[in-house]
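Taking it in order: structure first as structure tokens, then the write-up.
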Amino acid sequence: MKQLLIALLLLTNLQLFAYDTRKAKSSVEEVTVFLSGAQITRAGSVSVPKGASEIIFTGISPLLRRESLQAGTKSNITILSVHYETKLTEKKQDLKELKAFENKRNELSKKLNRYNASMEVIRVQENMIQNLSQIQTQKKDFKVSDVVEAKEIIDANLESIKMRRIELQEKINTLNATLNELNQKIQAFGVVYSSIEPRVVVKIKSEREQKVKMKISYFTPNARWYPSYNLRVKDVKSPITIDYQANISQQTGEDWKNAKLTLSTNDPNLSGQKPVLKPWYLVLNQYNGRKNNNNQSRYTPNNFPRVTGRVTNQYGEPLRYANIMAVGTTVGTITDGDGHYAMNIPSGANQLQVNYIGYNPVTFYVSAAEHNIVMQEKQMTLEEVTVLDDMEYYDEVMEEEPAINNVDIAYTMSATESVTLSQYQEKKADIPAIKRVVSSVTQSVQVQQVENVVSAEFKIDERYTIKSDNKQYTVQINEIDHKAHYQYYCAPKLDPDVFLTAQLLDWESLNLLEGQASIFFEGTYVGTSLLDAKFVGDTLDISLGRDKRIIVKREKEKEMSKKKLVGDNEVKSVKWNIEIKNQKSQQINLIVEDQFPLTNDAKIKIDKDDVNKARIDETTGFITWQIKLGASKIEKLAFKYKVTYPKGNEVYLD
């Protein structure tokens, strides 16, 4: 009797804690894309019975961060728990596909046999012709012309046969390569595969049978966006049009199909904890190893405003659509189909970081105008991956490693084998080699701008599909006509070209970030520039490129530039003439800068002549002219100085 009561109690407890498992049909509803990472919201519905149930969400990113996982519903139920898990299921093999591979192999094998037979015939013909060339005639009345003609015929036939042999050998090589691939695919059908399915399990309790609508959200890395701009200027009397764009890419392991997008300028990977100062005590002869960690420490002068190069793996293969960012900024780009990239570097930024799925990130200092980057595949161990009841290690790996949906892993792999991501993928995604502009999807959409305390958000009204392929999708955030003051600038000592700049006042409300800009002036594409919105004041200066219709010449006047000896000193006199010709149809405002030399040596004396219409900075030696130059007009400027120094020495002034 006692044993019967215990059995009844156990049965009752099992019934009380038994969960009815239901699979929810869900899809990605909303995505907030950060500068690094994304918050994904999935929505689904499922019918649940009265009592306790488990709702399973599948198709989710295997890279989600567990601490970010949330679930919510407006239905009248109680959510008991939410957790992430992985399920290992057997992958069914398609026997029809195996039969098709075998038939194809038999067909190609027959074709290869025919090619080999033809090759044997060609070899026999080649030997026969070569033997004919060795035959000697015994006739006394033969002509030299006959011999020459015969030799020409033999050479022509021999050349034709050799060309046929080369063409046939190429076909044989291609067939052998195709047959090897087919044999590998056929052999793979003898290996048992498993599919690892990431999923979220939500345990609930319902007071009645009902249909439940539920949302889950989670943060995942391997997604990003960075800004870029099209800057259009009709003429110097019109406002500047700023076409503000977002370049979105992701490889989270799940496609965002027809999802609502929000773009955030926040970066959740950065710590939100404020720094705390502590008392600083000086001690004699003790080195203080603390580094300055403020934002400015990341920036040093950069002599390379534009960098180009190529990104490849250790085998020399190009890495398409690799992400490249200037460290500490929002300026970035991606590689094209051949792995090439080109980007403008913000003032002071001196490091670039390259990221690509399955490879170790590469960070390097910009020390040249061209940097070719070789990336190494990440190594990850498969230890415990194939153990059905212990997936913890795999989960940790997947949080760190990029992955694809339903990663296939063979039972025949060693339990401690170290492999790369590409080695355990069943097959690599065949991404077409399309250039950046072609692969981008650009549409004009309505955007709601929301400004938070620490960041700005742009809500895109139209829904988008962003695939997990790391390709770049371009979304227009806003198109703004903003009043600008246009100013031409030239420093002919450094560059004879004239540059047009736009000065924007009251630009802070535009929420612009650093980014590369394509410049269109008077309806023509004139090149790229950089919109540097990080370290500016009330006015935002934008360089709009060179204007070739303003011609500047700087020449030394030989008659006034002389060297002579005065007592124990040598005196050099120099005069520079600057001529500016405005070939445009309207007046321009132009700033021209040059300079007088400076010295800290008491033995060197510099005498400057007065310069008309110019402002001279005695500290820097800079000469600045502000000119209003009418259409088709010419302006001539000049400055002169002399340098006195002890004879027997030399001072270089050019």
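Before moving on, here are some points about what is shown:
- The stretch 582-629, Cα convex hull volume normalised per residue, Å³: 78
- Both radii are taken from the alpha-carbon atoms of the stretch 512-654; with Rh as the Kirkwood radius, Rg/Rh is 1.09.
- Using 0.36 nm per residue and subtracting the Cα-Cα separation, the extra length available between residue 277 and residue 619 on full extension is 119.3 nm.
- Mean Cβ neighbour count within 10 Å, used as a protection proxy, ranking 52-59, 66-73, 226-233 highest first: 226-233, 52-59, 66-73
- Cα pair count fraction exceeding 15 Å, expressed as % - the stretch 50-131: 78
- Calculated P(r) of the stretch 461-556 - Cα pairs past 14 Å, %: 75
- Peptides 509-518, 605-614 ranked from most to least packed give 509-518, 605-614, packing being the mean of other C-beta atoms within 10 angstrom over each peptide's residues.
- Sparse packing (at most 14 other Cβ atoms within 10 Å of the Cβ) combined with a DSSP loop state is found for the following GluC sites (Glu not before Pro) in the stretch 515-571: 522, 557, 559.
- Taking each of 185/471; 50/211; 564/603; 562/603; 213/459; 493/562 in turn, the alpha-carbon distance tops 22 angstrom for 185/471; 213/459.
Readers should treat all values here as calculations from the given coordinates under stated rules, not as data from a laboratory. The structure displayed is predicted, hence computed values, not measured ones. Counting neighbours? That spans all protein chains shown, and the Cβs are built from the backbone with ideal geometry, glycine included.
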